[in-house]
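The values are calculated or read from the model by the stated rules, or taken from the named source; none is laboratory data. All values reported here derive from a predicted model rather than from experimental measurement. Cβ coordinates were reconstructed from backbone atoms using ideal geometry, including for glycine residues, and neighbour counts include every protein chain displayed. Side chains are part of the model used for accessible areas, which takes the heavy atoms of the whole protein and leaves out ligands, DNA and RNA. Shrake-Rupley method; radii C 1.70, N 1.55, O 1.52, S 1.80 Å.
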Amino acid sequence: MSLKTVIKEIFNANTNFQNAQQAMNFAHSLDALSGDLYTDPMRFLFELIQNSDDAYKDHPTKNPLLRLTVIDEGYLIVANYGKGFDKNDARGVCGVGCGTKRKDRDKTGYKGLGFKAVFGQSEYVLIASKGEYFRFEAGAKEFQWNIKWGKDRASWEVSSGQKFKFPWQICPIWTEKTELPVPIQQWLFSQPEAVACIIRVANISEIKKSLRTLIDQAHVFMFLRRVRNIRISMDSSNETVLQISQLKDKSIKIWNADGNLSSHWLLHSCLLPVPKEALKDSRLPEKLAGIEEIDLTLAIKINQNDCFVPVRGSDSILFAYLPTKISMYNLPVLVNAQFDINASREHIRIDSSWNQWLFSCIPEQMFKWVQTLTKDQKWTDKAYDLLPNRLSVKDQLAEQYNKALDSSVKTVPFLFGIHKNSLLISQAVVDLTLFSSDDCLGHELVRDYVAQTSSPPLRLPANPFVRNHHRLRNLGIQQFTWEKCWQMLHSPWFLTRL
């Protein structure tokens, strides 16, 4: 069945209401849904970016490209060159809560609602799919009064006291190329393979402001599953090109067209086995129910001196492949995972057993990341800068995080000994005096004194000493201080060891 046939079938089905009030009820519901889904232009842009990224899942290319273009000071184009629309995709964007991604774990979307967000920004939305077109347009001439609803529209409006409107957001209109606005025809002429969502926007200045923010904060594209090349244009004479590159050291660099570095991030990714308790929430999306393992990624910013820069304040947001609005936890790293989020993709559910489990995984993975970095010559001196702190927020997510932190600090051997051995915090000692160095008293003597004078006595490894770092002291590591050194030097025990 051709796409044209499918679109015409959907239009006929979605305009064939039993009475005018039924159509009005649908229209009011869709208006409310579209208006409430996203509270600012940036959020609906994220929805369209996500759709473009998902389009490459079934149409892989060497360098997946995303275009964000403003033309004729009135149209926003979000385009990719992935899979074109088929009948299932068409039915998905024309329905409510029945999108094609609900069961596909390799695609980011899953609510079946996100596309409706564009209707909160525009009353003219065109889908271009590799040379075929259909549109959603409020007040289009194709919407005709059905005689079975009453004599005519004007009479019905008088008798009901309502102004009639169609639920145009679920009624696709097949559109020939010659029917397209001329600026769109001209743009598509050079992009015959594009799959694009083209939106007529009233407040184009707000859209341009959002696009500039995307350019300035290009790391928001970092966790997309496939897109690695982004081109943003706000007029015909200017285009910003962003390229995302992954290096051998697992860091990501984001470059612009001039070869200048936009930002540099080090990543830690892992696959987490999903426990049954995490799946108990009945609200969990269909694609997550029964899943056996899931990705979690942590990212820390790197400055030009190859030092870690913690993210702070409003920049410390959680990602669900694209950014949410959640920064209250003030984590020093960006966290990306398939959180259970609300329909607007702005917030996550605090009372969700799934999200609570994911939060409980973050501290352990941070300690394991530190453990890995301490053994890497490039990062060994900086690794402890990533050690996590307890969260001050009082909610169920922070509670699970803090509980996991208290456990992980004891069970993960994240410390790197002076003699290149991995140590638990209970096995390690920081020597603030350096008396344990080989050119002074040596590690054996100081180790034995620390072990036998602790209460209760410690069982320490042959060489328990690790490099001093203020973050380790905050975690409660055993310390050999100048005071203890003075006590040791004046103790009968020391005199017997000389």
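Quick look at the values:
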item: Single match in 83, 62, 57 (criterion: touching a His at 6+ places or on another chain (Cβ under 8 Å), closer than 22 Å to residue 244 by Cβ and either crowded, with 17+ Cβ neighbours inside 10 Å or not aliphatic (A, V, I, L, M) (or both)); result: 83
item: Yes/no for residue 232 being in contact with a helix residue (DSSP H, G or I) (Cβ under 6 Å, 6 or more places away or on another chain), part of a strand (DSSP E or B) and not assigned by the TED database to the domain that holds residue 367; result: yes
item: Subset of region 236-255 [assigned to a strand (DSSP E or B) and open to solvent by 50 Å² or more (accessible area, probe 1.4 Å)]; result: 238, 239, 243, 246, 255
item: From the options 188, 180, residue that is more than 22 Å from residue 242 (Cβ to Cβ), open to solvent by less than 10 Å² (accessible area, probe 1.4 Å), of a type in the set (A, V, I, L, M) and out of contact with any Ser or Thr (no Cβ under 9 Å at 6 or more places or on another chain); result: 180
item: Subset of region 209-221 [in contact (Cβ under 8 Å) with a residue 60 or more places away in the chain, buried (at least 18 other Cβ atoms within 10 Å of the Cβ) and more than 15 Å from residue 47 (Cα to Cα)]; result: 219
item: Matching residues in region 327-376 - criterion: being under 30 Å from residue 421 (Cβ atoms), surrounded by fewer than 19 Cβ atoms within 10 Å (Cβ to Cβ) and among the hydroxyl-bearing types (Ser, Thr, Tyr); result: 372
item: Residues (more than 17 Å from residue 148 (Cβ to Cβ), of a type outside the set (Ser, Thr, Tyr) and either open to solvent by less than 80 Å² (accessible area, probe 1.4 Å) or free of Cβ contacts under 8 Å to residues at least 24 places away in the same chain (or both)) located in region 5-24; result: 6, 7, 9, 10, 11
item: Residues within region 474-498 that are among the basic types (Lys, Arg) and either in contact with a Pro (Cβ under 8 Å, 6 or more places away or on another chain) or surrounded by 14 or more Cβ atoms within 10 Å (Cβ to Cβ) (or both), tallied; result: 1
item: Residues satisfying the stated conditions in region 144-165, i.e. touching a residue at least 40 places away in the same chain (Cβ under 8 Å), over 47 Å from the mean Cα position of the chain (by Cα) and assigned to a loop (DSSP other than H, G, I, E, B); result: 150
item: Set 84, 95: member being at pLDDT below 90 and over 23 Å from the mean Cα position of the chain (by Cα); result: 95
item: Any hit, region 428-445, residues being among the hydrophobic types (A, V, I, L, M, F, W, C), part of a helix (DSSP H, G or I) and modelled with pLDDT under 95; result: yes
item: Unmet criterion (only one of (1) outside any helix (DSSP H, G or I); (2) basic (Lys, Arg); (3) farther than 25 Å from residue 51 by Cβ) for residue 135; result: (3)
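Conditions (1) free of Cβ contacts under 8 Å to residues at least 24 places away in the same chain; (2) among the charged types (D, E, K, R), marked per residue:
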site: 199; (1), (2): no, no
site: 223; (1), (2): no, no
site: 233; (1), (2): no, no
site: 241; (1), (2): yes, no
site: 247; (1), (2): yes, no
site: 253; (1), (2): yes, yes
site: 259; (1), (2): yes, no
site: 264; (1), (2): no, no
site: 268; (1), (2): no, no
